[in-house]
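Since the structure comes first, as C-alpha cells, the remarks are kept for the end.
Values quoted throughout were computed directly from the atomic coordinates according to the rules given, and no laboratory measurement underlies them. It should be emphasised that the depicted structure is a prediction, and the values quoted were computed from it without experimental measurement. No Cβ is skipped: glycine too gets one built from the backbone with ideal geometry, and neighbour counts run over all protein chains shown.
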Amino acid sequence: MNYLSQYTIPFSGLKEGKHLFDFSADKRFFAGFEESEIEKGSVSIQVELEKRTTYLRLKFMIEGEVELICDRCLEPYLQPIESSNLMLVKFSETETDDGDEVIYIHPGAYQVEVAKLIYEFIVLSIPIRHVHPDDKEGNSLCDPEMLRKLDEYKATDLPESSPIDPRWNDLKNIIGN
C-alpha cells in the first residue's frame, strides 16, 4: 500500500457544512515525492472541508518545521513554517482552467486526494533563501568555521585604477538618455 494513500478525504457520506481532518507530515511523507528538497520534518496539517452541493472548499492550516540545508554554511537546520491556503474543488466531466486555486474532480468521485496539495503548500511556505536563523542576540547560528572560510575567500573590490573596457564607456552614454 502506498503511504500517501492515507492523505485522502472521503466526502461522499458527509453532510453539508464544515468538517475537520487532521494530518501530519514526517520523513515518510516527504520520501513519497521524488527529488524533494525536504527529507525530514514534523508538520501538522489541519484541513477544514466545507461541503456544498456543487463544490467543496478546502482550507489548509499548516504549522511545523522542516529540515533544510543552509545556503551559507551547508549544515542542516530546522526551518519553522506556517501557512494557510484555500482550494476549491469543483465537479466536472472535463477539466477547465480556472486558476491555481481550483481543482476539478469527476462528479462520481467520493474522495479527494490531498497529499500533493499538502506537499506543495509546505514547499511554498519555505523561504527562498535557506539560512540558519539568528539567536536572541542577533548572532548567526551558522557553522563558525565555515563563516571564517567564507570571509577568507571573500572577493575584494576591484581598485578604482583598474582599466575599464572602452565598450562600457559607450554604454554609459546610453543610460543618460
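Within the straight-line cut-off of under 15 Å between alpha carbons, the aspartates and glutamates reachable from Lys40 are Asp26, Glu63, Glu65, Glu67, Glu75, sequence neighbours fewer than 8 places apart in one chain being disregarded. Fewest neighbouring Cβ atoms within 10 Å first, the residues Ser36, Ser12 line up as Ser12, Ser36. Across segment 1-24, the residues whose backbone nitrogen lies under 11 Å from the label position 7 Å along the beta-carbon direction of Ser44 are 23-24. The lysines within cross-link reach of Lys15, meaning a Cα-to-Cα straight distance under 19 Å and a gap of 8 or more places when in the same chain, are Lys51, Lys59, Lys90. Count charges around Pro80 for me, please; just the other residues with Cβ under 10 Å from its Cβ, Lys/Arg as +1, Asp/Glu as -1. Result for the local shell: -3. Extension gain, His19 to Glu145, is 40.3 nm, computed as 0.36 nm per intervening residue step minus the present C-alpha separation.
Hey, got the dipole for the chain? About the Cα centre, +1 on K and R Cβ, -1 on D and E Cβ, debye to the nearest 20? Kindly include the intermediate steps, with their values, before the conclusion.
Working: 19 positive and 34 negative charges, 126 e Å.
Charge dipole, the chain, about its Cα centre: 600 debye, nearest 20.
Across the chain, Cα-Cα distances exceeding 27 Å account for 50% of all pairs.
Entry note, the chain: the mean residue ellipticity at 222 nm calculated from DSSP H runs of n ≥ 4, each adding -39500 (n - 2.57), is -5500 deg cm²/dmol after division by the residues and rounding to the nearest 500. Computed from point charges on the beta carbon alone (+1 for Lys and Arg, -1 for Asp and Glu), the dipole magnitude for segment 4-60 about its Cα centre is near 380 Debye. Paramagnetic label reach from Glu37 (point 7 Å along Cα→Cβ; backbone nitrogen cut-off under 17 Å): within segment 113-147, residues 119-133. Its Cα centre serving as origin, segment 60-125 has a Cβ charge dipole (Lys and Arg +1, Asp and Glu -1) of approximately 100 debye. If R0 equals 30 Å, the separation of the Cβ atoms of Thr53 and Lys27 corresponds to a calculated FRET efficiency of about 0.15.
Bridges between two residues of the chain, per DSSP, are antiparallel at a rate of about 90%. Screening the chain for whole DSSP H helices of 24 Å or more along their axis (Cα) with average Kyte-Doolittle hydropathy at least 0.5 returns none.
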